[in-house]
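The values are calculated or read from the model by the stated rules, or taken from the named source; none is laboratory data. Worth saying up front: this structure is predicted, and the values here are computed from it rather than measured. Quick reminder, even Gly has a Cβ in these numbers, built from the backbone with ideal geometry, and neighbours come from all protein chains shown.
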Amino acid sequence: MTRVVVTGAAGFIGSNIIKGLNARGITDVIAVDDLKQGDKFLNLSKVQIADYVDADTFYDEFATGHYGQVEAVFHEGACSDTMEMDGKYMMANNYTLSCQLFQACQKRGARLLYASSAATYGGSDTFREDPAFEAPLNVYGYSKLLFDQRMRRDCGENFHRTKAGKTHQVVGFRYFNVYGPHEQHKGRMASVAYHQYHQFLKEGKVKLFGEYGGYAPGAQMRDFVFIDDVVAVNLWFFDHPAQSGIFNLGSGHAQPFNDVASSVVNTMRALRGEAALDLPAIAAQGLVEYIPFPDALRGKYQCYTQADLSALRATGCDHTFANVQTGVAQYVKWLAQQA
C-alpha cells in the first residue's frame, strides 16, 4: 500500500490533496498539522487518514525512519500569513523546517512535493521561474524564495539530479491566488471569493479595493486558480516521479478582482432566481463597494500576477485550468450548500 505524508493536512490545500488522494483509493495518509486552532479539524473530518501526528513531533521522528517507507511527502505546512512580520518565526517555519524535511526525504528515499508561492516574485511584472524576476515584498515571500534557492543549489540548477546522491523527486509549486472549499479557517488570508460570499450574505454587497497602483477600482489583476486544479497538478507530478523542478501553479491568465465580484454576485443572484447583471449594473445597484486601499499594504501588494506556464507545459502536464467565472461559480454554490 502506498504511504504518503501530508503536512499542513488540516489546512486548505493540504486537506484537499488528501481528498484527491482518497479519490484514488490512497488512504494510508499520515496527516501532520498543529491543531491549536481547533476548528481546523473540520477539514480532516471529511477525509480518510491512517494517522494524525502533531507537527512538533513529526519532523524529528520522520528523520529517524519512525514512519517506515514513505513514498512521498506533500509539504503544505507553513506560516502563510503574508502580513506576519515576525521574521524569526517565519524563517523557522518556512525555511529551516523545510530544509530539515528535504534532508530527511533524501535520506529516507521519499519524494518531496512542496508549496512555494507566487509571493517570491513580489513586484516583478514577469512571472517566470527565473532568479532575474524574483523580488519578494515581504518576509513570507523571502522565506519561500530562500528555500527555492536552496533546492536549486542542492538539487542542481534545473533539478536534473546533477549532484551525487540527490536522486529523489523534488517539486516546488509556486501557488498563485488559490480559492475553493475548506479555507474557512484562514481568516483574513482566505480568498476574495470566500470573503465576498459572506459579505453578500450579510450586507447584500461585496467589497473591493479602490483605485491603486495605476489601476481603476477593482481592476487590479491576479492569477486566480481553483483548488481542484491545484490538486490535479500536484497529483500529476505524483504520477510522474522523473519530473523535478520549481513550477508556477496558476491558471496562466490574469483576471481583475471585478471578475471575482461579478461571479460571486451573479451566482448568488442565480441561486435566488434573479437575472445576471454586468459590472456597470452591479455597481449602479450598489452591489459592489470600493473601499480605500489600506495603508498597511502600500508598497507590499502585487497589483498584477499571471503565471507563466511554459515550464509546467514543457514537462508534458497539459491540465486545463478553470477560469474565474467557472471556478468561483462552483465555489459559491458549494458554500451555499454548507449554509
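Does the stretch 123-136 contain any residue that is under 21 Å from LYS186 (Cβ atoms), among the hydroxyl-bearing types (Ser, Thr, Tyr) and over 17 Å from the mean Cα position of the chain (by Cα)? Spell out how you get there, then give the answer.
So in the stretch 123-136, the residues under 21 Å from LYS186 (Cβ atoms) come out as 136.
Subset that is among the hydroxyl-bearing types (Ser, Thr, Tyr): none.
No, the stretch 123-136 contains no residue that is under 21 Å from LYS186 (Cβ atoms), among the hydroxyl-bearing types (Ser, Thr, Tyr) and over 17 Å from the mean Cα position of the chain (by Cα).
Screening ALA275, ALA307, ALA283, ALA311 for residues that are in a loop (DSSP other than H, G, I, E, B), surrounded by 13 or more Cβ atoms within 10 Å (Cβ to Cβ), at pLDDT 95 or above and of a type in the set (A, V, I, L, M) leaves exactly one candidate, ALA307. Of everything in the stretch 41-91 that is closer than 20 Å to VAL171 by Cβ and among the charged types (D, E, K, R), the residue that is farthest from the chain's Cα centre (by Cα) is GLU71.
Being in a loop (DSSP other than H, G, I, E, B) and within 28 Å of TYR179 (Cβ to Cβ) is the requirement here; does GLY68 meet it?
Details: in a loop (DSSP other than H, G, I, E, B): yes; within 28 Å of TYR179 (Cβ to Cβ): no.
No: the conditions fail for GLY68.
Pairing each residue of the stretch 57-70 that is more than 15 Å from GLN100 (Cα to Cα) with any residue that is of a type in the set (A, V, I, L, M) and in a loop (DSSP other than H, G, I, E, B), provided the two are 6+ apart or on different chains, yields C-beta distances under 7 Å for VAL70/ALA110.
If you check ARG161, ARG153, ARG188 for being under 17 Å from the mean Cα position of the chain (by Cα) and either farther than 21 Å from ASP34 by Cβ or at pLDDT below 95 (or both), only one passes: ARG188.
From the list GLU76, GLU84, pick out the single residue that is crowded, with 20+ Cβ neighbours inside 10 Å, in contact (Cβ under 8 Å) with a residue 24 or more places away in the chain and not basic (Lys, Arg). Exactly one of GLU76, GLU84 is crowded, with 20+ Cβ neighbours inside 10 Å, in contact (Cβ under 8 Å) with a residue 24 or more places away in the chain and not basic (Lys, Arg), namely GLU76. All conditions but one from (1) of a type in the set (A, V, I, L, M, F, W, C); (2) without any contact (Cβ under 8 Å) to a residue 12 or more places away in the chain; (3) in contact with a Lys or Arg (Cβ under 7 Å, 6 or more places away or on another chain) apply to ILE291; the one that does not is (2). Applying the set (1) over 27 Å from ASP54 (Cβ atoms); (2) under 19 Å from the mean Cα position of the chain (by Cα) to TYR114 leaves exactly one unmet item: (1).
This table checks each residue for (1) closer than 20 Å to SER15 by Cβ; (2) assigned to a helix (DSSP H, G or I).
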position	(1), (2)
PRO181	yes, no
HIS185	yes, yes
ARG188	yes, yes
HIS195	yes, yes
PRO217	no, no
ASP228	yes, yes
ASN234	yes, yes
PHE237	yes, yes
ASN248	no, no
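Taking strands (runs of 3 or more DSSP E) as the structural unit, those lying wholly within the stretch 1-59 and holding at least 1 residues that are of a type in the set (Phe, Trp, Tyr) correspond to 51-54. Scanning the stretch 91-148 for residues that are among the hydrophobic types (A, V, I, L, M, F, W, C) and over 27 Å from HIS66 (Cα atoms) turns up ALA118, ALA119, PHE127, ALA132, PHE133, ALA135, LEU137, VAL139, LEU145, LEU146.
The C-beta contact set for the stretch 165-194 (first residue more than 14 Å from THR82 (Cα to Cα) and in contact (Cβ under 8 Å) with a residue 12 or more places away in the chain, second residue aromatic (Phe, Trp, Tyr) and surrounded by fewer than 18 Cβ atoms within 10 Å (Cβ to Cβ), distance under 6 angstrom, 6+ apart or interchain) comprises PRO181/TRP334.
Against the numbered list (1) hydroxyl-bearing (Ser, Thr, Tyr); (2) part of a helix (DSSP H, G or I); (3) under 30 Å from ARG150 (Cβ atoms), TYR301 comes up short only at (2). In the set (1) under 18 Å from ALA314 (Cβ atoms); (2) at pLDDT below 95, HIS168 fails one condition alone, (1).
Listed by first and then second residue, the pairs with beta-carbon distance under 8 Å, at least 6 apart or on different chains, first residue in the stretch 255-273 and over 16 Å from LEU201 (Cα atoms) and acidic (Asp, Glu), second surrounded by fewer than 16 Cβ atoms within 10 Å (Cβ to Cβ) and modelled with pLDDT of 95 or more, are ASP259/GLN325.
Against the test of being among the hydrophobic types (A, V, I, L, M, F, W, C), at negative phi and surrounded by fewer than 16 Cβ atoms within 10 Å (Cβ to Cβ), the options LEU235, LEU201, LEU249 yield a single qualifying residue, LEU201. The test for being part of a helix (DSSP H, G or I), out of contact with any Gly (no Cβ under 8 Å at 6 or more places or on another chain) and small (Gly, Ala, Ser) holds for ALA336. Of all residues in the stretch 112-127, those being closer than 16 Å to TYR142 by Cα, out of contact with any Pro (no Cβ under 7 Å at 6 or more places or on another chain) and in a loop (DSSP other than H, G, I, E, B) number 4.
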